Amino acid sequence: MAESMFVLEENVFVKTILSSYNVLVHILLGMIVGISLLFAVKLDYNATSVPEDIILLHILLCVPGYTLIMTQSIMSMTHYNTWSSSLSIANKRRVHWILQVIGSGFGLTGSIIIMVYKDVNFNTLHGQFGLVTLIFTIISMINGVTSLLSHRLRRFIPPILSKITHIVLGIVAYASASACLCYAFNKTMFKLWTSDSVALGVISITGIFTLMVLINPLVNLCKKFIKLIKTRLEK
């Protein structure tokens, strides 16, 4: 089975498809982040309760943190990702963890800053998904440490269970961050800067992009669940 999978991965057609897939993911990533940052620097949000420089800082921290860096953290674990494909499994895990810490630091800082300056928090879907993202990001960071040290902690936590938990928490955090971003694009101030149709297009691209990024973690999650079930049945 392992040999057949190796042959499949080395197939020229499959490698071409996966490479093209990786390029498309990064193109969509560039579009989403680029549009967000262009909007951020326009400095005319028509906001009343939050200073414009705080909104600017919120966007400049959250979008690179939750979207750009977190995406690279997830993609670093795929064998078809260009810049990390030559790394060993151990180094991929280290890079994944480092990027997760940096991305989480950016995102959490941006979230806390806007929470401090807002009069009312979590009264919109954007804010509510932001809160979900914040909570699951913190939990995922803590769980990431146990997952990284899963073999040392195997006496207390089965390594596969720790990894399954980390994947689930990461998927929820990343998906909620994307939902939060979609509701940001749906705000009136963004639509006034672009238009209703452009906002809808950007939201659609964000949804497609998020699904593309999460396919590999979802596949890995299914594989680990199957492995866990087989292990339990064998006992």
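Derivation of every value follows stated rules applied to the coordinates shown; laboratory data play no part. None of the values given here were measured: they were computed from a predicted structure. Cβ coordinates were reconstructed from backbone atoms using ideal geometry, including for glycine residues, and neighbour counts include every protein chain displayed.
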**Request:** Relative to the longest principal axis of the C-alpha atoms of the chain, give the angle of the C-alpha long axis of helix 89-117, reported between 0 and 90° and rounded to the nearest 10°.
**Result:** 20
**Request:** State the extension gain, in nm to one decimal, for the chain segment bounded by Tyr117 and Phe13, taking 0.36 nm per residue of separation less the distance between their alpha-carbons.
**Result:** 32.2 nm
**Top of Asp44, Asp196, Asp119 by mean-square fluctuation, Gaussian network on the chain, Cα under 10 Å** = Asp119
**Message:** Could you compute how fast the chain diffuses translationally, taking Rh as the Kirkwood radius over C-alpha pairs and applying Stokes-Einstein at 4 °C with viscosity 1.567 mPa s? Give it in µm² per second.
**Reply:** 68
**Prompt:** Tell me, in nm to one decimal, what length is gained between Asp44 and Arg232 on full extension, where the rule is 0.36 nm per residue of separation less the Cα-Cα distance?
**Reply:** 61.9 nm
**Item:** 0 to 90° range, to nearest 10: angle between helix 12-40 axis and the chain longest Cα axis
**Value:** 20
**Prompt:** Given only helices, namely DSSP H runs of n ≥ 4 each adding -39500 (n - 2.57), what is the per-residue ellipticity at 222 nm of the chain, to the nearest 500 deg cm²/dmol?
**Reply:** -26500 deg cm²/dmol
**Asked** Quick one: helix 159-185 against the long Cα principal axis of the chain, what's the angle to the nearest 10°, folded into 0 to 90?
**Response** 20
**Asked** When the chain is fully extended, how far beyond the present Cα-Cα distance does Gln128 get from Leu161, taking 0.36 nm per residue of separation?
**Response** 9.0 nm
**Message:** Taking the Cα centre as origin and putting +1 on Lys and Arg beta-carbons and -1 on Asp and Glu beta-carbons, what dipole magnitude results for the stretch 2-234, to the nearest 20 debye?
**Reply:** 980
